[in-house]
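J.: One structure, pasted below without further comment.
The values are calculated or read from the model by the stated rules, or taken from the named source; none is laboratory data. For clarity, every value in this text was computed on a predicted model and none was experimentally measured. Heads up, the Cβs are rebuilt from the backbone with ideal geometry, glycines too, and the neighbour counts pull from every protein chain shown. For the accessible areas, the whole protein counts, side chains as well, though only heavy atoms, and no ligand, DNA or RNA atoms are used. Shrake-Rupley method; radii C 1.70, N 1.55, O 1.52, S 1.80 Å.
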Amino acid sequence: HIFLERFKGFWSRLNFQGKITWRNIFLYKGRNLMTIIGVAGCAMLIVTGFGLSDSISGLPNEQFNQVKMYDGSISLNMDASQEDRDQAISDLSENDDVEDVLPLTQDILMTDDDAITQQIVSVMAFKADSNYRDYFQMQELDTENQLSLPDEGILITAKLASLLGVQAGDTVTLIDTNNDPYEFSVKGVITNYLGHEIYMTDAYYQTVFGEESENNTALVQFENDLSTKDQTQIMDQVKDATGVIGTSLNATQITDFEETLSALDLVTVVLIISAGGLAFIVLYSLTNINVSERMHELATVKVLGFRSLEVSMYVYRETLFLTVIGIIIGNFLGYGLLSYILNTVAIDQVFFPIVIQWPSYLYASLISLAFSIVVMIFMHYKLKKVEMVSALKEED
């Protein structure tokens, strides 16, 4: 007897095959537990593989089209006159292919924490009444709320906050090239996938640095239908202006970012294929052992009149049930393994979000189930060869 028989309403509704399946599941506990563990491990690896793809494949697009909503930037020549710098921005703004230009102050600081490798931090200061929200998403990491620049503090990007171990309400100290320290009050942690940045108003910049901010950079938004080639031509023209010292296009950074992540795409494919192969081997081995040890029992049910397909289903009902349980457990474990891998392999300059889309869970489940069905087909031909006369032999 098994404990399920105590639930009379449930047990009485089961047919003969259902009762036999549940009895066998509880009878062969050790072997069935190994099946669940094996399937869960394989499903976990497949989910992790798809999760890696989900987490990294869209990063370039999200970073340069959602987190940062501009197409390029120009660095102003601070040795040139203010008139020349203003003229460069004016000429760029008047270009028919340019939608908008946002001047800002951009400086470079460094971390001063012995516990981590020294990091370069980009400091960005905007006028509080400027349209900076059209250029930066500034989405809070935990709540996904859209933040505005605080009056007395900074917004810090997620990876830098993680490395420094700070959150909203803490203070962070950064140093310049002369090792002079500057202390900032953290008011929010925002999503950013590449590089370390802090954002503030020009008023807070003056409070911390003791001097007024001076625009040395301008961000550019081109018209939506402008090709990369045309963007490059415009930037090349701007580069020749007296008030400009250099230009940068996000399209180039997207290409570089994609090349960096392409190696992880190969890891994803290898992981999924290897996990699928492992699923086949594990399921085949466990099913083969299960069938081999129960030949006497299977021959007996053949004597009782079970046809070949019925004999196979006599075993496979258990296997299917255990496979589904293993897949469900593997889906949960896959998220944990993905979190561990991304936190382990991530470099200091890159923040990997932990993302698994629902189709990935579905595909991982179907792949695991497909290998289980393939194993069942192989074993079906073995079960067809079971001779009924062996049921009359004495068991060893």
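J.: What is the packing order of peptides 364-374, 163-173, taking the mean over residues of other C-beta atoms within 10 Å and listing the highest first?
T.: Averaged packing, sorted descending, gives the order 364-374, 163-173.
J.: Test of the criteria: in the stretch 68-115, which GluC sites (Glu not before Pro) are in a DSSP loop and have at most 11 other Cβ atoms within 10 angstrom of their Cβ?
T.: Loop-located and lightly packed - E94.
J.: Given a cut-off of under 8 Å on Cα pairs at least six residues apart, what relative contact order in percent is computed for the stretch 174-249?
T.: 15
J.: Would you mind working out the magnitude of the charge dipole of the stretch 85-170 relative to its Cα centre, with +1 at each Lys and Arg C-beta and -1 at each Asp and Glu C-beta, to the nearest 20 Debye?
T.: That gives a dipole near 240 debye.
J.: Further question: Accessible area, 1.4 Å probe, largest first: how do Y335, Y361 sort?
T.: Ranked from most to least accessible, the order is Y335, Y361.
J.: Moving on to the next point. Amide H neighbours of D170 under 5 Å, at least 5 residues apart or on other chains, H built in the peptide plane: list them.
T.: For D170, whose amide H was placed from the backbone, the distant partners under 5 Å are V186.
J.: Okay, next question. What nm distance separates the two modelled labels at L362 and I273, each placed 7 Å from Cα along Cα→Cβ?
T.: Calculated label separation equals 2.6 nm.
J.: Given +1 on the Cβ of Lys and Arg, -1 on the Cβ of Asp and Glu, and no further charges, what dipole in debye does the chain carry about its Cα centre, rounded to the nearest 20?
T.: Dipole magnitude for the chain comes out near 5200 debye.
J.: Which cross-chain or sequence-distant (5 or more) residues have an amide H under 5 Å from the amide H of Q119, H modelled 1.01 Å from N in plane?
T.: T111
J.: Then there is this: So what are the ³J(HN,Hα) numbers for the stretch 217-232, from phi and the Karplus equation (6.51, -1.76, 1.60; θ = phi - 60°), rounded to whole Hz, Gly and Pro as x?
T.: Those phi angles translate into 9, 9, 8, 10, 10, 8, 4, 4, 8, 7, 6, 4, 4, 5, 4, 4 Hz.
J.: From the P(r) of the chain, could you give the percentage of C-alpha pairs in the tail past 29 Å?
T.: 60
J.: Return the calculated 222 nm mean residue ellipticity for the chain, to the nearest 500 deg cm²/dmol, obtained by summing -39500 (n - 2.57) across DSSP H runs with n ≥ 4 and dividing by the residue count.
T.: So the calculated ellipticity at 222 nm is -17500 deg cm²/dmol.
J.: Follow-up. Sort out the exposed loop trypsin sites (Lys or Arg not before Pro) in the chain (DSSP loop, at most 14 other Cβ within 10 Å) and tell me the longest stretch that has none.
T.: 1-306
J.: Right, here's the next one. How much of the DSSP bridge set in the chain is antiparallel, in percent, rounded to the nearest 5?
T.: So the antiparallel bridges amount to about 80 percent of the total.
J.: Scattering from the C-alpha atoms of the stretch 18-161 alone, worked out with Debye: what is log10 I(q)/I(0) at q = 0.14, 0.15, 0.21 1/Å?
T.: Once normalised to I(0) and log-transformed, intensities are -0.93, -1.02, -1.41.
J.: Lys/Arg Cβ at +1, Asp/Glu Cβ at -1, dipole of the chain taken about the Cα centre: which of L283, M200, G58 is farthest positive-ward?
T.: It is L283.
J.: Counting residues in the stretch 231-305 as N, plug N into 2.2 N^0.38 Å and put the Cα Rg over that result.
T.: 2.71
J.: Once both axes come from the Cα atoms, what is the angle between helix 16-27 and the longest principal axis of the chain, in degrees from 0 to 90, rounded to 10?
T.: Around 70 degrees separate the two axes.
J.: Now, a different point. Taking a probe of 1.4 Å, how large is the accessible area per residue of the stretch 129-173, in Å²?
T.: On a per-residue basis, the stretch 129-173 sits at 49 Å².
J.: Here is a further query. If you roll a 1.4 Å probe over the heavy atoms of the protein chains, what accessible area per residue do you get for the stretch 72-119, in Å²?
T.: So the stretch 72-119 comes to 54 Å² accessible per residue, rounded to a whole number.
J.: What Kirkwood hydrodynamic radius, in Å, does the stretch 63-111 give when the mean of 1/r is taken over all pairs of distinct Cα atoms and then inverted?
T.: 12.8
J.: Shifting gears a bit: Roughly to the nearest percent, how much of the accessible area of the chain is carbon and sulfur, given a 1.4 Å probe?
T.: 54
J.: In this model, which of K159/K229; K29/K382; K68/K229; K127/K229; K8/K384 are farther than 26 Å apart at the alpha-carbon?
T.: K159/K229; K127/K229; K8/K384
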